[in-house]
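A.B. asks: One structure, as structure tokens, below. Some questions next.
Read-outs: derived from the displayed coordinates by stated rules, not from any lab. Note that this is a predicted model, so its numbers are computed, not measured. Ideal geometry is used to build each Cβ from the backbone, glycine not excepted, and the neighbour counts take in all protein chains shown.
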Amino acid sequence: MFVSYLLVFVLAAIPLFELIAVVPLAIIGGLSPVPVSILGFLGNLLTVLLLIVFIDRIKLWRKAKKQKKAAVIVRDGDNHLESEEVVVEPETKKEKRARELFEKYGLPGLTIIGPFFVGSHISAFMAMSFSAKRTLVTVWMIVSLVLWTIVSAVAASYGVSFFYPNVEENGFLIRIFN
């Protein structure tokens with residue numbers, strides 16, 4: 001049983017999974033909603049805070065990853081001169097969506113609406129990229145994660161209890177780890 005709750009924490013911390021998906025899935029799987037919500041929130045919050053703290057290093061890493069250098073050889077008589085041309089890739093769909101959210105709704109809109117459309121990690125990263133203050137991004141991301149945790153846990157709990165009332169006794173996660 002401990003392993004299933006640990007799995008909730010780890011999966012919520014991974015940017016691809018997000019707590020919006022992990023919390024309802026764990027509740028549908030038969031785990032208790034309160035511990036799942038707390039662990040999902042803490043897992044996601046941990047990596048979002050790490051992203052905010054180390055944003056400068058992450059920006060440099062992403063910039064280096066996105067830039068492709070193409071060597072251009074220029075002939076000057078018998079001499080060969082090399083120069084580098086930097087080719088920058090365009091924004092991804094998620095980055096474009098995040099920019100539109102930020103421009104339309106500001107920092108609160110990006111941090112609250114963003115996790116549903118582009119994910120919490122990309123929302124935090126883009127908010128920091130748009131030169132918002134660390135403390136404001138941190139506060140708004142915490143508010144957003146609390147809100148999305150509550151919404152997803154309540155919706156999953158009531159939905160599961162309505163459609164399948166005995167899920168906690170025989171959920172698929174409980175069966176797998178027992």
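A.B. asks: What's the exposure ranking of Leu25, Leu6, Leu110, going from fewest to most Cβ atoms within 10 Å? Intermediate results must be reported in sequence, preceding the final value.
C.D. replies: On the way: Leu25 19, Leu6 12, Leu110 31.
Going from least to most buried by this count: Leu6, Leu25, Leu110.
A.B. asks: Can you pick out the pairs among Lys65/Lys94; Lys65/Lys96; Lys59/Lys104; Lys63/Lys96 whose Cα atoms lie more than 21 Å from each other?
C.D. replies: Values: Lys65/Lys94 17 Å; Lys65/Lys96 18 Å; Lys59/Lys104 24 Å; Lys63/Lys96 16 Å.
From Lys65/Lys94; Lys65/Lys96; Lys59/Lys104; Lys63/Lys96, over 21 Å: Lys59/Lys104.
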